[in-house]
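Peer 1: Please read through the structure below; I'll follow up with questions.
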Amino acid sequence: MAETARRGACVFGLTWGDEGKGKIVDLLCPAFDVVVRFNGGANAGHTVRVGSESFALHLLPTGVLRPGHTGVIGPGVVVDPIQLIEEIDGLAKRGIDVSGRLLISDRAHLVLPYHKLEDQLSEQAASGSTRIGTTARGIGPCYADKMKRSNAVRFIDLVGDSDLADHVRQIVAARKGMLTALYGSDGDLDAEAVLQDIAVAKDRLAAYVCDTTSYLHGVIHSGKAILFEGANGMLLDVDHGTYPFVTSSSTGPHGLAAGAGVPLTQVTRLIGTTKAYTTRVGSGPFVTELKDARGDRIREAGHEYGTTTGRPRRCGWFDSVACRYTARISGVTDIALMHLDTLSGFDEVGICVAYRLDGERISAPPASAAQLERVEPVIELVPGWQEDLRAIRRFEDLPATARDFVQRIESLVRAPVSIAGVGPDRAQTLVRGPIQDLINVTENQAV
Ligand code: GDP
Ligand code: IMO
Ligand code: MG
């Protein structure tokens, strides 16, 4: 196998999530032995189409869909144990058994019912402009507890011999008081019900819990290759995204060192996914949003409804300013440009080439969400393509206007488009350049 394959690779989103990470991770799997989730939790929804079947994974690393592959949930992931058990059981019903090939870090934190309750109550209490539009999966409150430390519950607590019952009763009592004071309701939170969930989690998940950090270093030592599966997207990154309308973790390759315990020197290919247009679920600034028939058309053609919450996704043109920003921060080596097929039939396709803030041209997104709301996109309209792209299998067979569109994006973002998507199936993928060592689309057609 080529040198690139022996080292690690990371797939991550360059925008606000749902860029097709699941599809790309699945395609890369055959070149890797282990797939690792390092950030986020059940806010993620990664879809993989295999023939007529479709899988949506929230917590399980996408690699578990491939027989013989090991999936690792790293220390940086926040895990809702009941959701994870449902996912494991859901796959088992469809003939996919993860026993012996799923590992959960003993350092990972548990998302418990009070995290989800707090997420819902705080969103309900927020006024329109301050509501984040979270997935209500308890992500923010769980990461907050992790940082605060005193109220956290980790998998090591679940499998170790510390007295978790007393600790949880104290946490729940304090949380009830806090929720009542802030939101006027404690949602009938019951410590015994939380302990019941914890007992189920211990019974069903203890066998998977281990020191995944040592495991991954053993994998590296034995010369095997690791694929890191980012969740969410870099414009949702807690440090670099459109704060405060972000998620609570580090969503790019910079998150994998902390969230998996593997140094960045182990990762040579950084594959950033984006669509040929932009989508966003939830609130927050969206410079290129199309609030007209063109946005509706993209939504319907691309089936842009959330994998996790079913919410309609907001749609707009490709934003090269935002993508250049996240490409720089991440050091992306390859862009995977998905959903080229979805834009078929537009006479003209828009690309945002610059931002204007209060009349001034700016070249990067400002830190302030209020300023970003005021930014006007400078849109370049390029000729579209009428052809149905779904049967195309090589970059050179794309219509000239689609090839020009891809080239324009490469020059604006300043990174190569090595992968393009022309449909949801494994085979509907065009690949070029060195990454061909890692993705064999023809071989995948037979899988
Ligand atoms: P993720 O969260 O980044 O893994 O993305 P999601 O799974 O939430 O959303 C991507 C959606 O687009 C899924 O339904 C995929 O099956 C689908 N998809 C991925 N690539 C393409 C593509 O190139 N064309 C089309 N039409 N659909 C795609
Ligand atoms: P994948 O991995 C799209 C968004 C939510 C909300 C904000 C904060 O499928 O690409 P949170 O529940 O994390 O506190 O919500 O982040 N969000 C996502 N949007 N895809 C995702 O994941 C997302 N994960 C979080 O909609 O705006
Ligand atoms: Mg998704």
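The values are calculated or read from the model by the stated rules, or taken from the named source; none is laboratory data. Keep in mind that this is a model prediction, so the values were computed, not measured. Glycine also receives a Cβ, built like all others from the backbone with ideal geometry; neighbour counts cover every protein chain displayed. Side chains included, ligands, DNA and RNA excluded: accessible areas come from the protein's heavy atoms. Shrake-Rupley method; radii C 1.70, N 1.55, O 1.52, S 1.80 Å.
Peer 1: Mind checking which residues of region 319-357 are within 18 Å of Q386 (Cα to Cα) and either of a type outside the set (A, V, I, L, M) or in contact with a His (Cβ under 6 Å, 6 or more places away or on another chain) (or both)? Working first, answer last.
Peer 2: Here is the first cut: in region 319-357, the ones within 18 Å of Q386 (Cα to Cα) are 338-351.
Across region 319-357, the qualifying residues are H339, D341, T342, S344, G345, F346, D347, E348, G350.
Peer 1: Further question on the same structure: Which condition number in (1) touching a residue at least 12 places away in the same chain (Cβ under 8 Å); (2) open to solvent by 40 Å² or more (accessible area, probe 1.4 Å); (3) within 16 Å of ligand 3 (Cβ to nearest atom) is the one that G223 fails?
Peer 2: Condition not satisfied by G223: (3).
Peer 1: On to the next question. Consider L121 carefully, then state whether it is within 30 Å of the chain's Cα centre (by Cα), modelled with pLDDT of 95 or more and more than 22 Å from G282 (Cβ to Cβ).
Peer 2: Working: within 30 Å of the chain's Cα centre (by Cα): yes; modelled with pLDDT of 95 or more: yes; more than 22 Å from G282 (Cβ to Cβ): no.
Answer is no for this residue.
Peer 1: Taking region 165-205, which residues are small (G, A, S), touching a residue at least 40 places away in the same chain (Cβ under 8 Å) and closer than 17 Å to A152 by Cα?
Peer 2: Here is the first cut: in region 165-205, the ones small (G, A, S) are 165, 173-174, 177, 181, 184-185, 187, 191, 193, 199, 201.
Okay, now just the ones that are also touching a residue at least 40 places away in the same chain (Cβ under 8 Å), so 185, 187, 193, 201.
Across region 165-205, the qualifying residue is only A201.
Peer 1: What tally of residues in region 91-120 results from selecting those that are over 28 Å from S52 (Cβ atoms), open to solvent by 20 Å² or more (accessible area, probe 1.4 Å) and assigned to a helix (DSSP H, G or I)?
Peer 2: Matching residues across region 91-120 total 5.
Peer 1: Give the residues of region 77-90 that are in a helix (DSSP H, G or I) and either within 16 Å of ligand 3 (Cβ to nearest atom) or more than 19 Å from D197 (Cα to Cα) (or both), sorted by residue number.
Peer 2: Here is the first cut: in region 77-90, the residues in a helix (DSSP H, G or I) are 81-90.
Listed by number, the residues that qualify are Q83, E87.
Peer 1: Of all strands (runs of 3 or more DSSP E) completely enclosed by region 1-76, which ones contain at least 2 residues that are open to solvent by less than 20 Å² (accessible area, probe 1.4 Å) and more than 13 Å from ligand 3 (Cβ to nearest atom)? Break it down stepwise before answering.
Peer 2: Details: elements: 8-13, 34-37, 46-50, 53-57, 70-73.
Passing ranges, in order: 8-13, 34-37, 70-73.
Peer 1: Just to verify a result, which residue in region 128-154, among those that are hydrophobic (A, V, I, L, M, F, W, C) and in a loop (DSSP other than H, G, I, E, B), is nearest to V79 (Cα to Cα)? Spell out how you get there, then give the answer.
Peer 2: Just the residues of region 128-154 that are hydrophobic (A, V, I, L, M, F, W, C), to begin with: 132, 136, 139, 142, 144, 147, 152-153.
Within this subset, residues satisfying the condition of being in a loop (DSSP other than H, G, I, E, B) are 132, 136, 152-153.
Numbers: I132: 21, A136: 14, A152: 12, V153: 11 Å.
Going through the qualifying residues, I end up with V153.
Residue by residue, here is whether (1) in the same structural domain as E410 (by TED's automatic domain parsing); (2) of a type in the set (G, A, S); (3) modelled with pLDDT under 95 holds:
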position	(1), (2), (3)
G310	yes, yes, yes
M338	yes, no, no
E348	yes, no, no
S368	yes, yes, no
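Peer 1: How many residues, within region 302-340, are of a type in the set (S, T, N, Q) and within 14 Å of ligand 2 (Cβ to nearest atom)?
Peer 2: Quick first cut of region 302-340, residues of a type in the set (S, T, N, Q) only: 307-309, 320, 326, 330, 333.
Subsequent filtering for residues that are within 14 Å of ligand 2 (Cβ to nearest atom) retains 307-309, 326.
Number satisfying all stated conditions: 4.
Peer 1: Regarding region 129-144, can at least one residue be identified that is open to solvent by 40 Å² or more (accessible area, probe 1.4 Å), under 21 Å from Q83 (Cα atoms), free of Cβ contacts under 8 Å to residues at least 60 places away in the same chain and touching a His at 6+ places or on another chain (Cβ under 8 Å)?
Peer 2: Looking only at region 129-144, we keep the residues that are open to solvent by 40 Å² or more (accessible area, probe 1.4 Å), and these are 129-132, 134, 137, 144.
Checking the rest, the ones that are also under 21 Å from Q83 (Cα atoms) come to 134, 137, 144.
Applying the additional criterion that residues be free of Cβ contacts under 8 Å to residues at least 60 places away in the same chain yields none.
No: region 129-144 contains no residue that is open to solvent by 40 Å² or more (accessible area, probe 1.4 Å), under 21 Å from Q83 (Cα atoms), free of Cβ contacts under 8 Å to residues at least 60 places away in the same chain and touching a His at 6+ places or on another chain (Cβ under 8 Å).
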